[in-house]
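Trainee: Take a look at this one; I'll ask things after.
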Amino acid sequence: ELELELSTTFRRQFVGHQERVIVQSWLLHGDDPSEPMFFGRSDRYFEIHATPRIEQAATTAPDLEVGAMVTVRIDRVTSTRTHGSTIGDCTTGVADGIALPILQGRVNAI
């Protein structure tokens, strides 16, 4: 319980902030089954579950590959998840005019 409490407290300080995230996987269903959602790790190494912005949602899921680095705004934190949404143009890896590198390797399931 202490670990969960400390983790939640740590992650809550980033609500409203931007984090770079490496996309690790697309989820079949997130909070809303009709909404695409991916998860990845931030520079601070905590997991973030994120959705593309509404106007990007229809085209982003197939275009945003595992291993891409995107910028995500942290929207809320629960004891089990950090929720966010992409900012900038996540199909090109550019967030608010800052080019982010796309990783060359693929993440393989073990």
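The values are calculated or read from the model by the stated rules, or taken from the named source; none is laboratory data. Bear in mind that the values here come from a model prediction, so they are computed numbers and not experimental data. Note: areas computed on protein heavy atoms with side chains; ligands, DNA, RNA excluded. Shrake-Rupley method; radii C 1.70, N 1.55, O 1.52, S 1.80 Å.
Trainee: With all protein chains present and a 1.4 Å probe, how do 6, 27 order by accessible area, largest first?
Mentor: 6, 27
Trainee: How much of residue 83 can a 1.4 Å solvent probe reach, expressed as accessible area in Å² and rounded to 10?
Mentor: Answer for residue 83: close to 20 Å² accessible.
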